[in-house]
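Here's the structure we're looking at; comments come further down.
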Amino acid sequence: MHITVITAFPDFLNTFFATSIVGKGVERGLLSVEVVDIRNYARGAYRQIDDYAFGGGGMLLMADPLRDALEDVQARRGKACVLGTSPQGAVLQQDMVETLAEKEHLLIVCGHYEGMDERFVQKYVDMEVSLGDYVLTGGELAAMVIADSVSRRIPGVVGKESAVEEDSFAKGFLDHPHYTRPAIWEDMPVPEELLSGDHGKILAWRRQEAVRRTLSRRPEVLGRAGILPYMSKEAYVALVLEDSTEASFPANLLERSLKLAHAYGITRICCISPHRNLRTRAGDFGGSGSFKVFGSLSRCREWIAHREKRSPLVVGMEENTPSSSAPRAHLLEIKRTLLERQLPLLLVLSGGTSEPQHQQCDYSLFPLRGGDGKPGDFAPEDRLAIILDRFFGCR
Ligand code: SAH
């Protein structure tokens, strides 16, 4: 990756690239950077780069030197994704950082004074980026923040790649707290789990702390987080088979569900049916042991409660549950409840509509809605895929 910064204050950026971890990455050839001084593209006897705003107000960067600098860079370095820094831009988030890290050439333009001539922005800038809802004196700090966060995503720039994967927001959760020597500082010991040398214990402690922090500080980020590694109990999927006829055995649904559940890390899939013949077929399906079979949802629930030593949170995935059934809840609330109360999860999918089983659910999810806001015509396996992704998918 190559990063170009166009600025009226190149010393600022040169020092940053010479002294930072990003600079070390440059030295090691993991990325390259160039700081371009707008003044080299100034025109006239006074080498002017800024002028008074029409209509009154402060100074702003003129369009000509900005364009000349940008076109010169692109002629030498190839086409770039051009970022303008502005408090009015889209606020920089980890998703945006990860997207920008995929670009071959990022070109960041730093505004100053009142900003830059709007016509340059209109013609050349692909995206305006802001650090947050406050106003800085110039775009240089924003350029450094963008360059820093993006280069952190380039393999090798940060010593240990696994550290980047555990970072805040990488999987949707906040990071756990960190400690270094001494083991006791001002009478405060490091949590004993971290000194145990037991990797399983350390991982479990870190995950639990990440959950605690995320729940107390930024619970809203859970809406998009895959929670399986952070759950202290397992997640289960149950398929309710209603029809007893041999011909209507839902082999496709079973096969798809098995694959989907495995793709999202769920190994326990249950089939529930009051009909013995369906249970036998389901039990033999996909190699014996792929499905655990039960005569009713309450039996399935009991089995999980026994296995996990905790009764599971049972969540129905039906589109059309009658109003007498379980209360509706949003995904974020269900994720929060699961993590706060450290419960196992049982997701219940039934192909039919009038299934009495969902009366035994603790919650049912709101129906999935298409782009027009109306409930869509989703096949059960579609619903399963979408819901599994929302609970357990990794961005
Ligand atoms: N008049 C402008 C602010 C100009 S501040 C307005 O109110 O929108 C001068 C320059 O500092 C901007 O052109 C931009 O490059 C930079 N800047 C200021 N605040 C910023 C922020 N929150 N994020 C990114 N860049 C910022």
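Top to bottom by accessible area (1.4 Å), largest first, where do H176, H262 land?
H262, H176
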For the stretch 16-124, with every protein chain kept in place, what is the accessible area per residue (1.4 Å probe, Å²)? 55 Å²
Antiparallel DSSP beta bridges within the chain, percent to nearest 5: 15 percent
With an 8 Å Cα cut-off and a minimum separation of 6 or more residues, compute the relative contact order for the stretch 212-288 in percent. 33 percent
From the protein chains alone at 1.4 Å, what is the descending order of accessible area for Y179, Y46, Y363, largest first? Y46, Y179, Y363
Once you've got the GNM for the chain with C-alpha springs shorter than 10 Å, pick whichever of L347, L194, L61 has the biggest mean-square fluctuation. L194
Here the percent of antiparallel bridges among DSSP beta bridges lying wholly in the stretch 43-139, to the nearest 5, is 40 percent
Summing +1 per Lys or Arg and -1 per Asp or Glu among the other residues with Cβ less than 9 Å from L313's Cβ gives 0
Can you tell me the relative contact order of the chain? Whole percent, Cα pairs under 8 Å, sequence separation 6 or more. 13 percent
Based on the mean of other beta carbon atoms within 10 Å per residue, what is the order of 125-137, 217-229, 5-17, most packed first? 5-17, 217-229, 125-137
Report, to the nearest whole %, how much of the accessible area of the chain belongs to carbon and sulfur atoms, 1.4 Å probe, protein only. 50 percent
What is the P(r) of the stretch 207-309, as percent of Cα-Cα pairs per 5 Å bin from 0? 2, 11, 19, 18, 15, 12, 9, 7, 4, 2, 0
Taking K and R as +1 and D and E as -1, what net charge do the other residues with C-beta under 12 Å from the C-beta of A263 add up to? +1
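The values are calculated or read from the model by the stated rules, or taken from the named source; none is laboratory data. All of these numbers come straight from a predicted model, not from anything done at the bench. Quick reminder, even Gly has a Cβ in these numbers, built from the backbone with ideal geometry, and neighbours come from all protein chains shown. To get the accessible areas, we keep the full protein, side chains included, count just its heavy atoms, and leave off ligands, DNA and RNA. Shrake-Rupley method; radii C 1.70, N 1.55, O 1.52, S 1.80 Å.
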